[in-house]
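J.: This is the structure I want to talk about, given as structure tokens.
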Amino acid sequence: MEALLLGLGTGTSCLLYCGPVIVPYLLAEGGSLKKSFLDISLFLGSRFIAYMILAIVASLMGNSLFTTEIYRSILTGAAYIILSTTLIIYSFFRIKHVCKARKYSDILSNIPYKWTQSVPVVAGFVTGLSICPPLLLAFAGAASKQSIQDSMIFFLFFFLGTSVYFFPLAFLGLTQRKNVIHIIGKIAAGLAGVIYFIKGVLLISNIT
Amino acid sequence: MKKIATICGYIWAVLCLLIVLIMFPGLGFFSKQLASLPFMKINPIYSGGDVEQIKECKNYTLQIHKPVFEALIGESSEGFIQISWIWKDSLPGILNDSIDYNTDGKPDFIITVYTTNGDIQINPLNEKVKALIASAQTENGWIARIKLKK
Amino acid sequence: MKSDKVKLPPYTTAGKFWKSLLICLPMIFITFFFLTGGEPDFSDTTNSIAFILVFLFLNFLFFKIIYTGKTDKFRATGFILFAVFLSLVFITNMVETREGMSFSSADLLECNIPFCHIVITMILIPIVFTNSIIFPGSILDGFAPVSTMLILWILASIALGKGFCSWGCFYGGWDDGFSRIRKKPLVKNINTIFRWFPFAVLLLVALSAAMTLTPTYCEWACPFKTVTEFEAVTSTETLIKTIIFLLLFLGLVIVLPILTKKRIQCGMFCPMGALTSFTNKVNPFDVRIDKEKCKDCGICEIKCPILSLDPTSIEKGKTHFVCSKCGKCIDACPNQAIHYHIKGTPVNKRNTTARTLFVFSGFLFLAIFSGGTFQMGIIRIINILTTGSFF
């Protein structure tokens, strides 16, 4: 119950922390409500896996995980770089609008379209692992539990509490003037990729 | 109908010209009106928060601000507290103050500022007090921000 | 003079000296009033010289706009010089008060950072949620306080729509200027998809600012820090930030505008431009294309500095909603098919009243907004030439 309330209480913050990643993708993909729900489910599913891993780690290592330099800088930084690569590739994927990009787009077009669904999967996993205030609170709560099972249940309820806020995002897929919104979404995804790349490099260089 | 639309169009266009005309002479008035709206205040992350305690010392006035745990929604688990010193006559060489920000009667940390070289030492007496995050000499004093955990 | 007359656009004022002068009279009185602050004082020689130069310069430009029927060349002259003079005055002020272009930790902690209109894109979501402004500036006091800049932008956007980006923005003159250096572009056929770039930047900037409660664009991406102020380099992070904004200025404001003859920063990156585009929906002025006169030569599309014209918009007979009403396409059209227009009024004809009302509003804003800066700049230039010091 404590975890569910924590999730419900901090879920809006989670939404904002993940917004720059998932919102451009949903705008770019759009299409139908069903497709957007599927994308959010994939995002949340991989986020859930990340939380379960954290639950196990929290139980084994306690609160010390987030204070270790390896996690704070190298692992998070590497995760950001993977996410940024995915977003940048996605922004060029099947773009037929820009002549210069078409060259890269043709190379990428050999990849099956379903590949794009890996974007919410990677995004969900990486944002699930990255440090943000709600996650710190959840991690502290889970670390205080006595068994791995209790820790996982804590994270499960935290996940359920935060997930409530993500489903309304599916309605972004219904935006009008879709072509324009898709273009803006794709560009924003690429730019978000660049931002996460810089963030990742800074973290690995241990600057921030 | 077309005539009405034309007349409305011209009226709106002339009003726009009038807006430009009154904008600059009325800038002070409009700015004050806007500034009086409830959302027109600097976020505590930047302003340092409201001053909660004032201590008068021999050479300076010490201001302890309200701890800031701002987040877009709710409160953040990490925040800071701002301490400000305002000189009375001249700059003291060393400032040494114990701060009790939660007013429980026990000091939470001791802060020492060596004003000659800008060095600052924090001695936490409360586990929620972490490290110095920013400090600067101002025109008539000194400001320091110390990281806090909730 | 005769051959000039033949080329003049068919406005009722074009080529008619006394009629043009009559229209300019209100501008002459208003600029005189604002430049003197309502209290003319010619006791100081330097100040008087600065006033006379600025007064004559601004009114000359406006007279030319009315008399020749051409807009862009004269607008751009004032607009570009405004950007240059603002940087000159700002930087010299910084050097005087802070002994350099960088601001210190004390300026940040004391909330002494001037607010600029681009920050508006980042404060909107936090205002809704936190009921406060996420910027280390002052609400009402000091130089460029939040409330004054907000009011200026709100009223200018109502009065000019996105025309603010070509008639009022004190940064826009930089890439407008650089985009005019070459006679012909080296990089042609820029895809109009790039007009959506600022909207993507706006989306990310608004979300990231809300997420971190920091003005992220100012911290990481604003190229105009190069010509105003920036955070002192005290760490590797601030060094990286400095490299980023210098490269963005070099790329988006200097190199790409020179190569493409487009306003790359304004039309393809600035989040404020994206936000201001929406104000075109409420503003009564727009730019229309007379389909009967249009010969589909495409010159307007090539000339448009911010990609607001393409075959689709030409087919629809109007510019895209990102149009900043600079007047370049209107001046360039060999068939005089493009014109300023007031919404609700009949289309497909060059209307002198619509043009006069818009250029009067636009130029009046530019003249009053820039007048003080021009005067200050001239005083500084006179000072450095006569005394060796700006002050």
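J.: Are there DSSP H segments in chain C that both extend 30 Å or more along their axis (alpha-carbon positions) and score a mean Kyte-Doolittle hydropathy of at least 0.5? List them, or say none. Don't skip to the end; give the middle numbers.
T.: On the way: long enough: C:45-68 (34 Å, 1.70); C:72-98 (37 Å, 0.96); C:352-387 (48 Å, 1.26).
Span-like helices in chain C: C:45-68, C:72-98, C:352-387.
J.: Shifting gears a bit: At a 1.4 Å probe radius, which order do B:Asp119, C:Asp286 fall into by accessible area, largest first?
T.: The ordering from most to least exposed comes out as B:Asp119, C:Asp286.
J.: If the elastic network links every pair of Cα atoms under 10 Å, which of C:Ile193, C:Ile254, C:Ile299 fluctuates the most in the Gaussian network model of chain C?
T.: Highest fluctuation of the listed residues: C:Ile193.
J.: For segment B:93-123 and segment B:54-76, what is the separation of their C-alpha centers, rounded to whole Å?
T.: Rounded to whole Å, the Cα centres lie 13 Å apart.
J.: Tell me which lysines have Cα within less than 16 Å of B:Lys147's Cα, excluding those fewer than 8 residues away on the same chain?
T.: Straight-distance partners of B:Lys147: B:Lys66, B:Lys128, B:Lys130.
J.: With every protein chain left in place, what is the accessible area per residue of chain C in square angstrom, probe 1.4 Å? Show your work: numbers first, answer last.
T.: Details: 15460 Å² over 391 residues.
Normalised by residue count, the accessible surface of chain C is 40 Å².
J.: Relative contact order of chain C, please, whole-number percent, based on alpha carbon pairs below 8 angstrom and at least 6 residues apart.
T.: It comes to 22 percent, rounded to a whole number.
J.: Apply the a/c threshold of 1.5 to the C-alpha gyration tensor of chain B and tell me whether it is rounded, prolate or oblate.
T.: Prolate, because a/c is 1.5 or more and a/b exceeds b/c.
J.: As a test of reading the structure, rank B:Ile86, C:Ile139, A:Ile204 by solvent-accessible area (1.4 Å probe, protein chains only), most first.
T.: Final ranking, largest accessible area leading: A:Ile204, B:Ile86, C:Ile139.
J.: Work out the charge dipole of segment C:101-283 with +1 on the Cβ of Lys and Arg and -1 on the Cβ of Asp and Glu about the Cα centre, then indicate which of C:Leu186, C:Ile123, C:Tyr217 is farthest towards its positive end.
T.: Of the candidates, C:Leu186 comes out farthest on the positive side.
J.: Suppose R0 equals 22 Å. What FRET efficiency, 1/(1 + (r/R0)^6) with r the Cβ-Cβ distance, do C:Thr46 and C:Ala144 give to the nearest 0.05?
T.: For R0 = 22 Å, the calculated efficiency reads 0.35.
J.: Could you name every residue in segment C:231-251 that has 10 Å² or more less accessible surface in the full protein assembly than in its own chain alone (probe 1.4 Å, ligands and nucleic acids excluded)?
T.: With the partner chains in place, segment C:231-251 has these residues losing at least 10 Å²: C:Thr236, C:Glu237, C:Ile240, C:Ile244.
J.: If you don't mind, another one. Shielding by partners for C:197-206, please: the mean number of other protein chain Cβ atoms within 10 Å of each residue's Cβ.
T.: Averaged over the peptide's residues, the number is 6.
J.: What ranking of C:Leu88, C:Leu35 comes out by heavy-atom accessible area, probe 1.4 Å, highest first?
T.: C:Leu88, C:Leu35
J.: Separation between the B:Glu127 and C:Thr236 pseudo-spin-labels, each 7 Å from Cα along Cα→Cβ, expressed in nm?
T.: 3.2
J.: Name the residue from B:Gly105, B:Gly93, B:His65 whose Cα lies farthest towards the positive end of the charge dipole of segment B:44-149, charges +1 on Cβ of Lys and Arg and -1 on Cβ of Asp and Glu.
T.: Checked the options; the winner is B:Gly93.
J.: Determine the total buried accessible area between chain B and chain C, counting protein heavy atoms only with a 1.4 Å probe; round to the nearest 100 Å². Don't skip to the answer; put the middle values down first.
T.: Working: alone 10350 and 18370 Å², together 24680 Å².
So the buried area, both faces added, is about 4000 Å².
J.: Can you compute the label reach from A:Ser144? Point 7 Å from Cα along the Cβ direction, backbone N cut-off under 20 Å, restricted to segment B:136-150.
T.: Answer for segment B:136-150: B:148-150.
J.: Quick check: from the Cα gyration tensor, does segment C:285-342 come out rounded (a/c under 1.5), prolate or oblate?
T.: rounded
J.: Please find the FRET efficiency linking C:Lys316 to B:Met1, where r is the Cβ-Cβ separation and R0 is fixed at 22 Å, and quote it to the nearest 0.05. Before the final figure, lay out the partial values.
T.: Values: r = 22 Å, r/R0 = 1.00.
Taking R0 as 22 Å, the efficiency between C:Lys316 and B:Met1 is 0.50.
J.: Determine which residues of segment C:11-45 fall in the zone a paramagnetic label at C:Lys349 would reach in this model, i.e. backbone nitrogen under 18 Å from the point 7 Å along Cα→Cβ.
T.: C:11-14
J.: With runs of 4+ DSSP H residues as the only contributors, calculate the mean residue ellipticity of chain C at 222 nm using -39,500 (n - 2.57) per run, divided by the residue total and rounded to the nearest 500. Walk me through the numbers before you get to the answer.
T.: Working: 18 runs with 217 residues, N = 391.
Result for chain C, helices only: -17000 deg cm²/dmol.
J.: Angle, helix B:2-23 long axis vs. longest principal axis of chain B, Cα atoms, 0 to 90°, nearest 10?
T.: The angle comes out at about 40 degrees.
J.: Whole number in Å², please: accessible area per residue of segment B:44-149, 1.4 Å probe, ligands, DNA and RNA not counted.
T.: 50
J.: Same structure again: Pop out a list of residues from segment B:25-57 that are at least 50 Å² less accessible with all the protein chains around than in their chain alone; 1.4 Å probe, no ligands or nucleic acids counted.
T.: The answer is B:Leu27, B:Ser31, B:Leu34, B:Phe39, B:Met40, B:Lys41, B:Ile42, B:Asn43, B:Tyr46 - residues whose exposure falls by at least 50 Å² when every protein chain is included.
J.: Tally up the carbon and sulfur contribution to the accessible surface of the protein assembly as shown as a whole percent, 1.4 Å probe, everything protein left in place.
T.: 65
J.: Would you please report the Å³ per residue occupied by the convex hull of the alpha carbon atoms in the protein assembly as shown?
T.: Convex hull of Cα atoms, per residue: 194 Å³.
J.: Okay, moving on. Pairs A:Lys199/C:Lys241; B:Lys2/C:Lys70; B:Lys41/C:Lys225; C:Lys162/C:Lys262: which are spaced more than 21 Å apart, C-alpha to C-alpha?
T.: Where the Cα-Cα span goes over 21 Å, the pairs concerned are B:Lys2/C:Lys70; B:Lys41/C:Lys225.
J.: I've got another one for you. State which stretch of chain C is the longest one without any exposed GluC sites (Glu not before Pro), exposure meaning a DSSP loop state and at most 13 other Cβ atoms within 10 Å.
T.: C:100-291
J.: How large is the accessible surface of C:Met149 in square angstrom, using a 1.4 angstrom probe and rounding to the nearest 10?
T.: Probe radius 1.4 Å; accessible area of C:Met149 about 20 Å².
J.: While we're looking at this one, here's another question. Among rounded, prolate and oblate, which fits chain C when a ≥ b ≥ c are the square roots of the eigenvalues of its C-alpha gyration tensor, a/c under 1.5 means rounded, and a/b larger than b/c means prolate?
T.: oblate
J.: Roughly how many debye, to the nearest 20, is the charge dipole of the protein assembly as shown about its Cα centre, given +1 on each Lys and Arg Cβ, -1 on each Asp and Glu Cβ, and no other charges?
T.: Numbers: 67 positive and 44 negative charges, 910 e Å.
Once rounded to the nearest 20, the dipole reads 4360 debye.
J.: How large is the dipole of segment C:1-128 about the Cα centre if only Lys and Arg carry +1 and Asp and Glu carry -1, each at its Cβ, rounded to the nearest 20 debye?
T.: Once rounded to the nearest 20, the dipole reads 1240 debye.
J.: Further question on the same structure: Quote the total accessible area buried by chains C and A together, excluding ligands, DNA and RNA, probe 1.4 Å, nearest 100 Å².
T.: On the way: alone 18370 and 10330 Å², together 26760 Å².
Summing both chains' loss of accessible area gives about 1900 Å².
J.: Run the dipole for segment B:44-149 about the Cα centre, Lys and Arg Cβ at +1, Asp and Glu Cβ at -1, nothing else charged, and hand back the magnitude in debye, nearest 20.
T.: With Lys and Arg at +1 and Asp and Glu at -1, about 140 debye.
J.: Same structure, new question: How much of B:Ser90 can a 1.4 Å solvent probe reach, expressed as accessible area in Å² and rounded to 10?
T.: Rounded to the nearest 10, that gives 80 Å².
J.: Next question, about the same structure. Averaged across orientations, what area in nm² does the convex hull of the alpha carbons in segment C:302-391 project?
T.: The directionally averaged projection comes out at 8.5 nm².
J.: Once the dipole of segment C:316-391 is set up with Lys and Arg at +1 and Asp and Glu at -1 on Cβ about the Cα centre, which of C:Cys333, C:Thr345, C:Ser370 lies farthest towards its positive end?
T.: Of C:Cys333, C:Thr345, C:Ser370, it is C:Thr345.
J.: List the aspartates and glutamates whose Cα lies under 16 Å from the Cα of A:Lys145, skipping any in the same chain that are fewer than 8 positions away.
T.: A:Glu2
J.: Next question, about the same structure. Based on DSSP H runs of at least 4 residues, each adding -39500 (n - 2.57), what is the mean residue ellipticity at 222 nm of chain B after dividing by all its residues, to the nearest 500 deg cm²/dmol?
T.: After summing the helix terms and dividing by the residues of chain B, the value is -7000 deg cm²/dmol.
J.: If r is the Cβ-Cβ distance from B:Asn117 to B:Gln33 and R0 is 45 Å, what FRET efficiency results, to the nearest 0.05? It would help to have the intermediate numbers written out before the result.
T.: Values: r = 47 Å, r/R0 = 1.04.
Between B:Asn117 and B:Gln33 the formula returns 0.45.
The values are calculated or read from the model by the stated rules, or taken from the named source; none is laboratory data. Note that the coordinates shown come from a computational prediction; the quantities given were computed from them, not determined experimentally. Note: ideal-geometry Cβ built from the backbone for every residue, glycine included; neighbour counts use all protein chains shown. Calculation scope for accessible area: heavy atoms of the full protein, side chains included, ligands and nucleic acids excluded. Shrake-Rupley method; radii C 1.70, N 1.55, O 1.52, S 1.80 Å.
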